[in-house]
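One structure is given below, encoded as structure tokens.
The values are calculated or read from the model by the stated rules, or taken from the named source; none is laboratory data. Since the structure is predicted, the reported quantities are computational estimates derived from the model, not experimental observations. All Cβ positions, glycine included, derive from the backbone under ideal geometry; neighbour counts span all protein chains shown. For accessibility, only protein heavy atoms count, side chains too; no ligands or nucleic acids. Shrake-Rupley method; radii C 1.70, N 1.55, O 1.52, S 1.80 Å.
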Amino acid sequence: MTVKELSCIQSGVPTARYKRIVDAFAVEIRTGRLSAGTQLPTHRDLAAREGIAVVTASRVYAELEAMGLVSREQGRGTFVRDLALPPGHGIDQHALTADAVDLNFNYPALPGQADLLRQALRELAGSGDLEALLRYQPHGGRDRDRAAVATHLLSRGLDVTPDRVAVVNGAQHGLTVTALATLRPGDVVAADAVTYPGFKVLAEALHLELASIPVTLTGPDVDALDRLCRCRPVRAVYAMPTLHNPLGWVMNSKVRRHVIGVARRHGLLLIEDASYAYLVDSPPPPLAATAPDITVYVSGLSKNVATGLRVGFVVAPRERMRAIERAIRATTWNTPALTAAIAARWLEDGTVARLEADKRADATLRQTIARETLQPLEQLAHPASYFTWLPLPDNARADRIAATLATSQISVSTAGPFAITVNPPQAIRLALGSTTLSTLADALTTVRRTIEDDVCR
Ligand SMILES: Cc1ncc(COP(=O)(O)O)c(C=O)c1O
């Protein structure tokens, strides 16, 4: 990503004149200040108002139409569209048709995992403690399950006792109970200018206020976070130090120390999301290892084992555990005992460690395919990650590209769902983990061609 594009993420202001006008309209429409059905000025009036040529005014409206923000009606004029997002562009999960290629959501699975599940269910059926699985469980999970997670976390660089672990219903649930247990409506939470969409959904649902931290190539701009904390009452920071989704960074030790220093200075809680951390070979220690008293660590088994398992975990300072367990009680009572039991078996017998090694190799291969197939397009990705971020060339428009790809049955995400800034950068995020390898290469070729064609439009 170029410095200019990074500054676009931070300020949301691209350079070309007509684009500035497009983006200003986009903000007005997306924020609802220009409501659905509003008639926009004629091309001639817009040209006079902005001091641009009529042909440029036409181009502005053409862009807005391609972005799905306005509709042009023959003989009547240009009107703001109703902004129900078309499928694939929003943050809500949607059903794809059977033949669609999903480059939007990541649910990495390897051949043979269904057999592993069959085998685990068979073993469980013969195991003798089935009756126990029919009852309510302790909110934070059974002792055995918590202990299995604690042992697993040693491989993540975290040495914790099982009483500081709570088993939850996936990392998203882990983030939810963390927020419920530690924050109140109206609290300000700082998060990267582009971040995991599920955290945005959560903040919206719990009425938390998200404050945007500008991003650099190697992590958040920590000095900017420091300044933010001086002028706003920031309570917590949501961070992905090891394999940021979607930008792919792994914060080095210096940046981590800096984040912790700012957090201590301003009394912040650190919410560390390590959902993709297993893909990184020997990263620096998690924030939760260096600053265990101010960090809640959240991760899960979705990306390294299977999304359908819905098992995750939270590691928190001991004094926060009661509140976390209460939040679990308020939301699910306990994580289903059946999936937790399967997860514990797989953690204990080495299956998770094996799957992680295999998925690291799989993700690295997919990333190599992406790098080769998408060049010469600019890509921002960790070499072993299951996603890539494509900052678009000048003139290309993400909404238009996503819409074109949708007609070829390829689902991708624009920057919109990831952006905290009002005006999302022009970028496409591709999930590489959910399709077969051969389909992946073909789909990426179509993505590259579609972007190249869009630049010339
Ligand atoms: C960064 C990040 N955190 C949390 C989650 C939620 O994962 P889970 O399926 O464990 O709820 C995801 C899923 O995509 C993610 O990318």
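Diffusion coefficient of the stretch 226-311 by Stokes-Einstein, Kirkwood radius over Cα pairs, 10 °C, 1.306 mPa s: 116 µm²/s. The Leu338 and Thr31 beta-carbon pair, evaluated with R₀ = 45 Å, returns a calculated FRET efficiency of approximately 0.50. The phi-based Karplus calculation (6.51 cos²θ - 1.76 cosθ + 1.60; θ = phi - 60°) puts the 3J(HN,Hα) values of the stretch 271-276 at 10, 9, 9, 10, 4, 10 Hz, whole numbers, x for Gly and Pro.
In this rough spin-label picture, where each label sits 7 Å from Cα along the Cβ direction, the Glu378-Ser408 distance is 2.2 nm. Under 5 Å from the amide H of Ile213 lie the amide H atoms of Ala191, Asp192, Ala193, each residue being 5 or more positions distant or on a separate chain, with H modelled from the backbone and absent for Pro and chain starts. Accessible surface for the chain, divided over its residues, is 43 Å² per residue with a 1.4 Å probe. The angle between the Cα long axis of helix 143-154 and the main principal axis of the chain comes to about 60°, on a 0 to 90 degree scale. Compute the FRET efficiency between Ala132 and Thr439 as 1/(1 + (r/R0)^6), taking r as their Cβ-Cβ distance and R0 = 41 Å, and round to the nearest 0.05. Calculated transfer efficiency: 0.45.
May I ask you to compute the full-extension gain from Thr38 to Asp349, defined as 0.36 nm times their residue separation minus their alpha-carbon distance, rounded to one decimal in nm? Let's see the in-between values first.
Values: separation 311, 0.36 × 311 = 111.96 nm, distance 6.16 nm.
Length gained between Thr38 and Asp349: 105.8 nm.
Of all accessible surface on the stretch 363-456 at a 1.4 Å probe, what whole percent is carbon and sulfur?
Values: 1670 of 3140 Å².
Ligands and nucleic acids excluded, carbon and sulfur reach 53 percent.
Summarising the overall dimensions of the stretch 359-457 from its C-alpha atoms, the Rg and Dmax are 12.9, 39 angstrom. Mean residue ellipticity at 222 nm, helices only, the chain: -13000 deg cm²/dmol; runs of at least 4 DSSP H residues each add -39,500 (n - 2.57), and the sum is divided by the number of residues. Placing a pseudo-label 7 Å from each Cα along the Cα-to-Cβ vector at Cys456 and Ala48 gives an inter-label distance of 3.8 nm. With each label modelled as a point 7 angstrom along the Cα→C-beta vector, the Leu365-Asp99 pair spans 2.7 nm. Put simply, when 306-312, 21-27 are sorted by average Cβ atoms within 10 angstrom per residue, most first, you get 306-312, 21-27. How tilted is helix 222-231 with respect to the longest principal axis of the chain? Cα atoms for both, answer in degrees (0 to 90, nearest 10). So the helix axis and the longest Cα principal axis differ by about 80 degrees. When the P(r) of the chain is calculated, the portion above 39 Å amounts to 25% of the C-alpha pairs. Straight-line cross-link partners of Lys303 among the aspartates and glutamates, defined as a Cα under 17 Å from its Cα and at least 8 positions apart when in the same chain: Asp102, Glu272, Asp273, Asp281, Glu356, Asp358, Asp362.
In this structure the amide hydrogen of Ile428, modeled in the peptide plane, comes within under 5 Å of the amide hydrogens of Leu390, Leu392, none closer than 5 places in sequence on its chain. Rounded to the nearest whole Hz, the Karplus-based 3J(HN,Hα) values (6.51 cos²θ - 1.76 cosθ + 1.60, θ = phi - 60°) of the stretch 381-396 follow the sequence 7, 7, x, 10, 9, 8, 8, 9, 10, 10, x, 7, x, 3, 6, 6, with x at glycine and proline.
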